[in-house]
1. When the residues of the stretch 46-69 are narrowed to those that are part of a loop (DSSP other than H, G, I, E, B) and among the hydroxyl-bearing types (Ser, Thr, Tyr), which ends up farthest from residue 168 (Cα to Cα)?
2. Which pairs have Cβ atoms under 7 Å, sit 6 or more apart or on different chains, and link a residue in the stretch 179-197 that is on the phi < 0 side of the Ramachandran plot and at pLDDT 90 or above to one that is open to solvent by 60 Å² or more (accessible area, probe 1.4 Å) and acidic (Asp, Glu)?
3. Residue 32 is checked against (1) open to solvent by less than 60 Å² (accessible area, probe 1.4 Å); (2) at pLDDT below 65 and fails just one. What number does that condition carry?
4. Give just the number: which of (1) outside any helix (DSSP H, G or I); (2) open to solvent by less than 40 Å² (accessible area, probe 1.4 Å) does residue 72 not satisfy?
5. Could you list, in sequence order, all residues of the stretch 146-181 that are over 19 Å from residue 22 (Cα atoms), charged (D, E, K, R) and touching an Asp or Glu at 6+ places or on another chain (Cβ under 6 Å)?
6. Which pairs have Cβ atoms under 8 Å, sit 6 or more apart or on different chains, and link a residue in the stretch 203-221 that is among the polar types (S, T, N, Q) to one that is in a strand (DSSP E or B) and surrounded by 15 or more Cβ atoms within 10 Å (Cβ to Cβ)?
Amino acid sequence: MQAPPPEHCPGTESEQAGKVSACAGCPNQSICSDPSKKLEDPGKALVAESLKDVRSKLLILSGKGGVGKSTVTSLLTRFLARSCPQSNFGVLDIDICGPSQPRLMGALGENVHQSGSGWSPVGIDDNVCLMSIGFLLGSVDDAIIWRGPKKNGMIRQFLSEVDWGNLDLLLLDTPPGTSDEHLSVVSYLKDDNKPESLRAVVVTTPQEVALLDVRKEINFCKKQNIPIVGVIENMSSFRCGNCGNSSEIFPAKTGGAAAMCAEMGVPLLGSLPLDPQVAKACDSGEDITEIKNTTTEALEGICSRIMASFS
């Protein structure tokens, strides 16, 4: 296992790379400080080798926190795995400070084992595996208090030192924003020779306060040349568990995700209502694919569109 970069690493593309005191003792110091050499993170080659048998990667993004990226990631994974039983799926939780996937996927308390080929991700189903920093914590209440470079080093280890095996699709649950973790994972996964192997799904809620930040995330993808599969509008309405009627908790006063997608030229994959039955199942880590209602019907349609984009 490689040591993570120094806590105050200036970054390989910085003019101070290899020159500041934080670089002392780093095995890459001579590479970073030599202006005649291309400043590319040496971990990128390790990631490429580790993921050579991973066919496609899908980033689940949103500029806004609390819109349900982690929940949507787990729901998509469950439905994709059920609808494509011959395909293999992996989930990587790169929300280092707020790992939710172990709970959502029903894997709390599981341990990660290490072998000669690297860390073994936790098996969820026959064709689903999961890796999260949540498996490495002594308690679910432990706080991760890390600066950007250390988080980036952890992401590199997850990508290069986990034995993912043969996967048809790796879904990456990301934190909100367009900062360190996002830049790091894009720099490692982006392949100019196969640009379509990395794509993104953007999650939002209908209200303008969320759409403001989601627009920034869409522009981030465009600037990084990451193809956007589409936008999922989460919590588009509330479906009552008793009467079955729907109401708008977050009114789409500016047209919601549909208007934003039309404005920015990206597809709208579908809308998911806030569903108490699905929310309860997610909190307990249960498989929601057996639930039959309007939410799961919408999920099936969204998953079909996602898989069609990769075919």
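The values are calculated or read from the model by the stated rules, or taken from the named source; none is laboratory data. Everything numeric in this text was worked out from a predicted model, so none of it was measured. Note that we place each Cβ from the backbone using ideal geometry, even for glycine, and neighbour counts take in every protein chain shown. What goes into the accessible areas is simple: the full protein's heavy atoms, side chains included, and nothing from ligands, DNA or RNA. Shrake-Rupley method; radii C 1.70, N 1.55, O 1.52, S 1.80 Å.
1. Among them, the one singled out is 62.
2. none
3. Only one criterion is unmet by residue 32, namely (2).
4. Of everything listed in (1) outside any helix (DSSP H, G or I); (2) open to solvent by less than 40 Å² (accessible area, probe 1.4 Å), residue 72 misses just condition (1).
5. Listed by number, the list holds a single entry, 173.
6. Once the first residue is among the polar types (S, T, N, Q) and sits in the stretch 203-221, its partners that are in a strand (DSSP E or B) and surrounded by 15 or more Cβ atoms within 10 Å (Cβ to Cβ) give 204/231; 204/232; 204/233; 204/234; 205/233; 205/234; 205/235; 205/236.
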